[in-house]
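Reviewing the structure listed below.
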Amino acid sequence: MSGPVIPMADVEDAGIGRVLVQTRSAEEAEIRGTRLLSPHRLRVGRGGLHARIRGVSLGPVALYHLSYAAGVTVTAPPMQGYIDTLMPVRGAVRVDHAGDRFDAVAGRTAAVISPHAPMVLQWSPGLRLAMMRIEAEALSSFARMLTGHDDLEFRLDPMVADSNGVAGLHGVAHLIRSTTAQLAGASVWPGAIRTRVREQAMLTLLMNQPDFRVQLTGGVRQPVARTAVREAVELVESRPESCFTPASLAASVGVSVRTLQMGFREEIGTTPGAFILSVRLRRVREELVAAQPGDGATVADIAHRWGFLNLGRFAAQYHRAHGECPSDTLRRR
């Protein structure tokens, strides 16, 4: 659920750890950011770039503060081995990940980036971001220890929108910042403190995941009305040109976004966003196949008609879904 804005401390110059990256060069920011964090592409939009990353590592858990002082787009393949929790402390970032697209906004929402899906992040020019990175194997091991299940598996929801959950994540970030400041003179953290802080970080992330909470308590998810999922599917199939979002689709069938997400995963094994995209891509393919020589049909016209405005991104999505470029489909008509 959403709640009131949580006041955020100004951590732009909070002195977390040490400066790891500082540059005004987009090329250098991309290269050094890749070496430090993971492979990604950086495209600069509005504003003058001033990339700055500070951080501290506790072994399998690390906290970074990032800012670019410009509007940028970060595109990255799956980050094998890591889970990143993105917590804006000022501004917002548009997150496109694992079939979901939403805005992570300071004090209101956070994003959890899973290790097996690519992501696209669109940063607002004034964004200041705290990013907590946890090694996936360490998190899995900790989760198995908490539940006592050696074969534990659970899904990570990309969006954290519950006000208490968002506050908890920022609380862990504050704990790491304050402990770093208080132990600034120590060459290394005492082992017991390091262990407990990183366990608190992992526990907080896990408790924000509904799938994990169910397995921890041995409970059963509240049943999601199958009629809501069925109505949503029928609505998208009948009106794919409406370019539904998960939020507008949930409102149309009278349930919350989270309820609809859980229902889709339980009933048809995907997310509302991924389903909406698949239907629109299928309709584009049907129109490309049906196009007649000489009728003037173009990939751009058909894509735009079905709500795809970024042709480069559309072509990549189409290729992933259908194994060929949209222009190849059109040429075979």
From 117, 111, grab the single residue that is under 16 Å from residue 273 (Cα atoms), part of a strand (DSSP E or B) and small (Gly, Ala, Ser).
111
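This table checks each residue for (1) touching a strand residue (DSSP E or B) at 6+ places or on another chain (Cβ under 7 Å); (2) within 28 Å of residue 137 (Cβ to Cβ); (3) open to solvent by 40 Å² or more (accessible area, probe 1.4 Å).
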| position | (1), (2), (3) |
| --- | --- |
| 37 | no, yes, no |
| 50 | no, no, yes |
| 55 | yes, yes, no |
| 60 | yes, yes, no |
| 66 | yes, yes, no |
| 73 | yes, no, no |
| 84 | yes, yes, no |
| 91 | yes, no, no |
By residue number, the members of the stretch 136-155 that are in contact with a helix residue (DSSP H, G or I) (Cβ under 9 Å, 6 or more places away or on another chain), under 18 Å from residue 208 (Cβ atoms) and either open to solvent by 30 Å² or more (accessible area, probe 1.4 Å) or not in a loop (DSSP other than H, G, I, E, B) (or both) are 138, 139, 142, 143, 146, 147, 153, 154, 155
Please specify each residue of the stretch 176-193 satisfying the condition of being part of a helix (DSSP H, G or I), in contact (Cβ under 8 Å) with a residue 12 or more places away in the chain, open to solvent by less than 60 Å² (accessible area, probe 1.4 Å) and not polar (S, T, N, Q).
176, 177
Restrict the check to the stretch 246-260 and report whether at least one residue is touching a residue at least 12 places away in the same chain (Cβ under 8 Å), closer than 27 Å to residue 61 by Cβ and surrounded by 15 or more Cβ atoms within 10 Å (Cβ to Cβ).
yes
Which listed residue is at pLDDT 90 or above, touching a Phe, Trp or Tyr at 6+ places or on another chain (Cβ under 8 Å) and aromatic (Phe, Trp, Tyr), from 275, 264:
275
Could you please let me know if residue 301 is assigned to a helix (DSSP H, G or I) and open to solvent by 50 Å² or more (accessible area, probe 1.4 Å)?
yes
Which condition number does residue 282 fail, the rest of (1) touching a His at 6+ places or on another chain (Cβ under 9 Å); (2) buried (at least 17 other Cβ atoms within 10 Å of the Cβ) being met?
(2)
Looking at the stretch 99-125 only, could you name the residues that are over 15 Å from the mean Cα position of the chain (by Cα) and buried (at least 17 other Cβ atoms within 10 Å of the Cβ)?
107, 124
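The values are calculated or read from the model by the stated rules, or taken from the named source; none is laboratory data. Treat the numbers as computed from the prediction; the structure is a model and nothing was measured. Here the Cβ is made from the backbone with ideal geometry for all residues, glycine too, and neighbour counts use every protein chain on show. Side chains included, ligands, DNA and RNA excluded: accessible areas come from the protein's heavy atoms. Shrake-Rupley method; radii C 1.70, N 1.55, O 1.52, S 1.80 Å.
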